[in-house]
1. Considering the range 140-186 alone, what residues qualify as being loosely packed, with under 14 Cβ neighbours inside 10 Å, over 21 Å from the mean Cα position of the chain (by Cα) and modelled with pLDDT of 70 or more?
2. Regarding the range 254-261, can at least one residue be identified that is at pLDDT below 90 and outside any helix (DSSP H, G or I)?
3. Assess whether residue 56 counts as being closer than 15 Å to residue 84 by Cβ, touching a residue at least 60 places away in the same chain (Cβ under 8 Å) and buried (at least 22 other Cβ atoms within 10 Å of the Cβ).
4. Restricting the search to the range 211-251, which residues are in a helix (DSSP H, G or I) and either buried (at least 17 other Cβ atoms within 10 Å of the Cβ) or over 19 Å from the mean Cα position of the chain (by Cα) (or both)?
5. Just to be sure, is residue 208 touching a strand residue (DSSP E or B) at 6+ places or on another chain (Cβ under 7 Å), surrounded by fewer than 16 Cβ atoms within 10 Å (Cβ to Cβ) and either closer than 23 Å to residue 48 by Cβ or modelled with pLDDT under 90 (or both)?
6. Within the range 33-84, work out how many residues are within 24 Å of residue 10 (Cβ to Cβ), outside any helix (DSSP H, G or I) and in contact with a helix residue (DSSP H, G or I) (Cβ under 9 Å, 6 or more places away or on another chain).
7. What is the number of the single condition among (1) modelled with pLDDT under 90; (2) assigned to a helix (DSSP H, G or I) that residue 265 does not meet?
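The values are calculated or read from the model by the stated rules, or taken from the named source; none is laboratory data. These numbers were taken from a predicted model, which means no experiment stands behind them. Every residue, glycine as well, gets a Cβ built from its backbone with ideal geometry; the counts of neighbours run over all protein chains shown.
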């Protein structure tokens, strides 16, 4: 893996009663030690798993896969502050990778669409105004960049179903060795697409040695072999087998006996 462990090196002298410092998890935070290339953050909403994931993204300075930079996204202000007090030990240094939340995908898709449209307009303007020399040389760089974007992401990611476009994004952006931080990808993926994502992650880990840290509620996603699960509960984090998580046990109980599960509601 690329990240070896994480701890909070100190706490601020002021604002300790404000978010994120007032979270029980942050108050009680102990060092997280990573032993696998695929790590899951699992827990109830509000347990702090996304906050830690966002702070890791801010500390490592991996790109935010959306329409903003980390430092410009006001929803990540607390994560940027927390990152200033983190200490992360790296087994291998890299700034390759990205941080993505399901909601970031829409901004990213629109950004790519605008980039392609701008390049197309530039190419059209060259054709209309070019007066001498070899127009192929002039157009070559513009059309090459445009065609590269289309080949990598398709002409219109927004026109795909949300799941198709989200999976296309992962296929295109998970390339070389890097740190890939993903927050609740199941929000945009059907069970079949989730399995496709797991297959892609498994392949990339085997080929590149990348490190994936994924916050999820999906028992499908956290089932990938040779991974580790950090369970966030009651202000603490423990490592568990994924079958010990409430997510797995509740899903299993409902699937095995839905009538009984509904009667208990």
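1. The answer is 140, 141, 144, 147.
2. Taking the range 254-261 first, the residues at pLDDT below 90 are 254-261.
With outside any helix (DSSP H, G or I) added as a condition, the list becomes 257.
Yes; the residues of the range 254-261 include at least one that is at pLDDT below 90 and outside any helix (DSSP H, G or I).
3. Details: closer than 15 Å to residue 84 by Cβ: yes; touching a residue at least 60 places away in the same chain (Cβ under 8 Å): yes; buried (at least 22 other Cβ atoms within 10 Å of the Cβ): yes.
Considered against the rule, which asks whether it is closer than 15 Å to residue 84 by Cβ, touching a residue at least 60 places away in the same chain (Cβ under 8 Å) and buried (at least 22 other Cβ atoms within 10 Å of the Cβ), residue 56 comes out as yes.
4. As a first pass, look at the range 211-251 and keep what is in a helix (DSSP H, G or I): 221-223, 242-244, 246-251.
221, 222, 242, 243, 244, 246, 247, 248, 249, 250, 251 - these are the residues of the range 211-251 that are in a helix (DSSP H, G or I) and either buried (at least 17 other Cβ atoms within 10 Å of the Cβ) or over 19 Å from the mean Cα position of the chain (by Cα) (or both).
5. Numbers: touching a strand residue (DSSP E or B) at 6+ places or on another chain (Cβ under 7 Å): no; surrounded by fewer than 16 Cβ atoms within 10 Å (Cβ to Cβ): yes; either closer than 23 Å to residue 48 by Cβ or modelled with pLDDT under 90 (or both): yes.
Against the criterion (touching a strand residue (DSSP E or B) at 6+ places or on another chain (Cβ under 7 Å), surrounded by fewer than 16 Cβ atoms within 10 Å (Cβ to Cβ) and either closer than 23 Å to residue 48 by Cβ or modelled with pLDDT under 90 (or both)), residue 208 does not qualify.
6. At the first step, the residues of the range 33-84 found to be within 24 Å of residue 10 (Cβ to Cβ) are 33-34, 41, 47-62, 70-71, 76-84.
Checking which are outside any helix (DSSP H, G or I) leaves us with 33-34, 41, 47-48, 61-62, 84.
If we keep only those that are in contact with a helix residue (DSSP H, G or I) (Cβ under 9 Å, 6 or more places away or on another chain) too, we end up with 41, 47-48, 61-62, 84.
Matching residues across the range 33-84 total 6.
7. (2)
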